[in-house]
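Only one structure is covered here, and it is reproduced in the block below.
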Amino acid sequence: MDTGAGDPAGVSPEGAASGGADGGPGGEPHAVRAYVSVELLAGTGEAEQRAVPDPATVLELSVDLARARTALRATAGPAEPGGRTVLDEHFVVGADGGHEPRWLDLADVLYASRPRTQEAAVAWLRTIAARHGSCRIAVAPLHGGGSAVLDPEKGHVAVLPVAAPGRQWLLASCLLGWLTAGGTLQELSGARLTCR
């Protein structure tokens, strides 16, 4: 199986073929297997000025806290040079996608494409992270909106009022970027979160 390394966007042929509108429920690509980079944008001005090259492979997450506003951008593929503040580069796998276990075992980010109830999502997050020790974050969309997120290192689960149908894998990457930069899920629980 190809890792997607030959694809310039970092999305595997398998992910590209089964993603998009014919992917999982709500158009979520359930078989994505991709290398993703996350950068910190200088602030809202930079986020607004920089064009989004391909909405299917890029997601910006704006985090508005009482004390500050932060913007993160997840992009399929390795980070490009150019003076950007790269927070993290990691391997993302759709855990509902029927991938071979070896891909799940290597993933830094595991995400669900199928929405669940909050109780089922929390159980799924804990189970999937326990089975795959390299998992640094796991995310599942919720029925009715929002996402359940697990930080396996700290064992914290948060329910966040944000989801990104069709790009849940990129949202999960932005959330990992937040944790990598020293943020917490508890901070995100009290923040205004916006995806574009």
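Rule-based calculations on the coordinates, nothing more; no lab input. Treat the numbers as computed from the prediction; the structure is a model and nothing was measured. Positions of Cβ are generated from backbone atoms using ideal geometry, with glycine treated the same way; all protein chains shown enter the neighbour counts.
Order 135-145, 182-192 from most to least packed using the mean count of other Cβ atoms within 10 Å. Display every interim value, and only then the final one.
Working: 135-145: 21.1, 182-192: 14.7.
The densest-packed peptide leads the list: 135-145, 182-192.
Given the Cα-Cα distance of ALA68 and VAL86 and 0.36 nm per residue of separation, how much length would full extension add, in nm?
Full-extension gain reported as 4.5 nm.
Rounded to the nearest 20, the Cβ-based charge dipole of segment 48-196 about its Cα centre (Lys and Arg +1, Asp and Glu -1) stands at 260 debye. Ordering ARG84, ARG102 from the fewest to the most neighbouring beta carbons within 10 Å gives ARG102, ARG84.
Ordered from longest to shortest, the equivalent ellipsoid semi-axes for segment 65-170 are 22, 19, 13 Å, each the square root of 5 times a Cα gyration tensor eigenvalue.
Provide the per-residue ³J(HN,Hα) series for segment 157-169, in order, calculated from phi with Karplus coefficients 6.51, -1.76, 1.60 and θ = phi - 60°, each as a whole number of Hz, with x at glycine and proline positions. Calculated HN-Hα couplings, in order: 10, 9, 9, 10, x, 8, 8, 9, x, x, 9, 4, 5 Hz. Applying the Karplus relation 6.51 cos²θ - 1.76 cosθ + 1.60 with θ = phi - 60° to segment 77-86 yields 3J(HN,Hα) values of x, x, 5, 9, x, x, x, 7, 8, 8 Hz, where x marks Gly and Pro.
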